[in-house]
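The values are calculated or read from the model by the stated rules, or taken from the named source; none is laboratory data. Just so we're clear, the structure is a prediction, and the values are computed from it rather than from any experiment. Because the Cβ atoms are built from the backbone with ideal geometry, glycine has one as well, and the counts that use them run over all protein chains shown. For accessibility, only protein heavy atoms count, side chains too; no ligands or nucleic acids. Shrake-Rupley method; radii C 1.70, N 1.55, O 1.52, S 1.80 Å.
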Amino acid sequence: MEQILFGKYAVTGLLGAGANGQVYLARHQILEQDRAIKRIPKSVPDSSSFLSEAELLKSLKHPGIPIIYDIEEDDEYYYMIEEYVRGESLEAYVLHQTTISLNFILRIGRQLCDIMGYLHALPTPVIYQDLKPEHIIVYGDQIKIVDFGIASYISIDGNPYQSYGTARYAAPEKRLGLPCDERTDIYGIGVVLRFLEQFLPPEEHSARLSRIIDRALAEEKEQRFETAALLMEQLEEEMAIGAIDIPEGKKHLFKNLAVVGMRAGIGVTHVAVSCNVYLNETGASCLYVEQNHSGDLRRMADSGRTRRDRKTDCIACGSFLGTVSERKSRGWVKQGQGCLIRDIGTYESSDIELETCDGVFLVLGGREWEMEQAQHLYERLRLRKHLIPIVNYGNEWAAKYYARHWRRNVYCFPADGSPFNLSAEKRQFFDTLLKRERW
């Protein structure tokens, strides 16, 4: 019989178990979303630290840290209900690969710096203290950090030594029982990067990256990077150097592009169709895939404006080519026919489709009442590889506002009557995006 916890969580399986507890997969019966439920017996020595971890996590808001929804208890156990992250540990991920790319290492390093920088910049800074590959969950091109069991706040006198954690990953000051600070986590990032470096193929080995890692792993704290931001800056410079090596003429780097919006009616389909038309007119060979429940493509076909392309068995209109068939889109990629534009529709936090895409157009509104929602969604997606924010309806002021606050390129999609017509303004828009994003 299916076990129901606290009247709303249906337990569907066991995700993992250790000496002091278990983690279960459960389904929220009303929201119909998966949750991970961590359970620990009250009889375990120092089980109160479990509640400390839960209280700490509840206060953290970062896309690289799982969301804590609730804390429960009964006579025998404490329970922590948290976001279920589909993926595997970084340790397991790399063991399934023959080699990994330099770009993968730099991307992981950048995200780790962002997460640790967030923790260190809190009003009362937090240091994680136990960074290692098995505590990093990889899902798509994103990561999340789990197991905050020994993370703690930094006091005025420095963080006291904690005897928990894994000795072979611990910073020297931690092993010696000396005070820890932000540079203890810098050492942890260095440990993870050095672990990944051994999986690089010889042709991608970077002497500069090795020097960056050496500095992060310096025995003396004073010789390491002072902040995660400084370490990230070095990694980003290495990424920029690598980007110069893109072969000339290789314009369209995306093979699987998602277009997703902050709400229904924000113009996702308009942008996706326009992009499909642009790519086909410039010779890239692109297929639009309707991957939402709007039924817009069927209505296009019923309107009589589109036609059935006999060669591809897809719906066509001028340079536009689209389908609702996932089977057909997989065949398109398998045969090497070109790239895909996936119209995802409205973003759903439980939707993992974006994880399979190598680029994301995030379509946002710029009206005053939309900005808070846009900011919230951007925070959730900002670390995703090749995220490109786009403000719709020709709202240049909002695009500049977001760009200034987010410190990145934000593009303004021109006000436009028909997605099927490639106007001079739209051609200029995509040409500019192509150049700036190396797309």
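Structural remarks
- Computed FRET value (nearest 0.05) for K385 with D74, which takes r as the C-beta separation and R₀ as 41 Å: 0.45
- FRET efficiency, 1/(1 + (r/R0)^6) with R0 60 Å, evaluated for D302 and T124 via beta carbons: 0.50
- With both labels modelled 7 Å from their Cα along Cα-to-Cβ, the A403 to E88 distance reads 4.1 nm.
- Note on the chain: dipole from Cβ charges, positive end direction compared against T98, F420, Y24; the farthest Cα belongs to F420.
- The gain in end-to-end length when the A240 to Q97 segment is fully stretched comes to 49.0 nm, 0.36 nm per residue minus the alpha carbon separation.
- With q set to 0.07, 0.09, 0.11 Å⁻¹, the log10 of I(q)/I(0) for the chain, from the Debye formula over equal scatterers at the Cα positions, is -0.41, -0.67, -0.98.
- Heavy atoms of M232 accessible to a 1.4 Å probe, total area in Å² rounded to 10: 30
- Nearest-0.05 FRET efficiency for R327 and A424, computed from C-beta distance (R0 35 Å): 0.40
- Calculated [θ] (222 nm, deg cm²/dmol) that DSSP helices of n ≥ 4 give over the chain, each run adding -39,500 (n - 2.57): -10500 deg cm²/dmol
- Carbon + sulfur, % of accessible area of the chain - ligands and nucleic acids excluded, 1.4 Å: 49
- Residue-normalised accessible area of the chain, expressed per residue, 1.4 Å probe, Å²: 49
- On full extension, the segment bounded by D34 and E55 gains 5.4 nm, given 0.36 nm per residue less the C-alpha separation.
- Difference of contour (0.36 nm per residue) and Cα-Cα distance, E372 to S285: 27.6 nm
- Accessible surface of W439 - all protein chains present, 1.4 Å probe, nearest 10 Å²: 10
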